[in-house]
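Some notes on the structure that comes next.
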Amino acid sequence: MRRLFPVTDETAAPAADGSPGAAAPGGGREWSLAELAAAYAYPVPEPGAPRPWLRANMVSSLDGAAQHDGHSQPISSAADMRIFGTLRALADVVVVGAETVRQEGYRPAKARAEFAGARKAAGQGPAPAIAVVTAGLELDFSLPLFTSPLVPTLILTGAAAAPERIAAAEKAGARVVIAGEGMGVEPARAVAALAGLGHTRLLTEGGPRLLGQLIAAEVLDELCLTVSPTLTAGNAQRIAGGPSVAVPHRFELASLLEEDGFLFSRYRRP
């Protein structure tokens, strides 16, 4: 297990290129993106057809809120966003629910020069694709997520989705992937369908309803959870919603980082 270390730490090892790293606002040294990428690297695939690995990245307040006023940003931090960006840069595809796309104003993932070489060496495109999980395809296809992505946005939906909405998505440039027999998406089929497209390093950013479905279907391999040192009260959602599982799923702690009271944890399926 990777032990407790600050994301900004004056005792941390030098950056991968040998440089000491940037000074952190509170003293010490900010972890380089290369160090974060190494800390959050996906498992090395076994020979043959690589097994897909699905990780989730979520943030929660101390009292269990995944959002404040419908958005995650108020309980996030600069270090949380550095890790958020690193996780995206490591992924082949970012899987997200339609409601989160609407609430958070999702845009296409950007190409980042700092990760360009590593992505090319790993056989990845310039940026991860965004895959939107939706039953009704009630999305605004005039948004940049559909009109100007570096790689085409994917729509994961069921076989019973309205043909006119599928046509509208495809006209906007999205690629529609059927991952369910009815109106909705079956999580295991979605993971398999994405792997069939060559996307084996999977990242989901929720929302809570989607994460709950992935947990219930037992397809989640890893949870990257930021614990924010904030209290919100109110009736905000937890990081995962939906029906409870019959027996709680036990995960193992893989690493833990800290900065300014924020804890950045990684839990993996045993």
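Some notes on this structure:
- Count of the range 184-206 residues which are closer than 18 Å to Tyr267 by Cα and open to solvent by 10 Å² or more (accessible area, probe 1.4 Å): 2
- Only a single item in (1) open to solvent by 30 Å² or more (accessible area, probe 1.4 Å); (2) modelled with pLDDT of 95 or more is not met by Val151, and it is number (2).
- For the range 156-190, the set of residues classified as closer than 25 Å to Lys110 by Cβ and out of contact with any Phe, Trp or Tyr (no Cβ under 9 Å at 6 or more places or on another chain) consists of Leu156, Glu170, Arg175, Val176, Val177, Ala190, listed by residue number.
- Residue within the range 125-133 that is open to solvent by 30 Å² or more (accessible area, probe 1.4 Å) and under 29 Å from Arg82 (Cβ atoms) present: yes
- Some residue of the range 163-180 being open to solvent by 40 Å² or more (accessible area, probe 1.4 Å), within 19 Å of the chain's Cα centre (by Cα) and either among the small types (Gly, Ala, Ser) or at pLDDT below 95 (or both): no
- Looking only at residues in the range 221-237 that are of a type outside the set (Gly, Ala, Ser) and within 20 Å of Gln103 (Cβ to Cβ), the one that is most open to solvent (accessible area, probe 1.4 Å) is Asn235.
- In the range 56-75, the residues that are crowded, with 18+ Cβ neighbours inside 10 Å and assigned to a loop (DSSP other than H, G, I, E, B): Ala65, Ala66, Gln67, Ser72
- Enumeration of residues in the range 38-55 that are open to solvent by 20 Å² or more (accessible area, probe 1.4 Å) and part of a helix (DSSP H, G or I): Ala38
The values are calculated or read from the model by the stated rules, or taken from the named source; none is laboratory data. Not measured: the values here are computed from a predicted model. Neighbour counts are summed over all protein chains in view; Cβ atoms, including those assigned to glycine, are modelled from backbone coordinates with ideal geometry. Note: areas computed on protein heavy atoms with side chains; ligands, DNA, RNA excluded. Shrake-Rupley method; radii C 1.70, N 1.55, O 1.52, S 1.80 Å.
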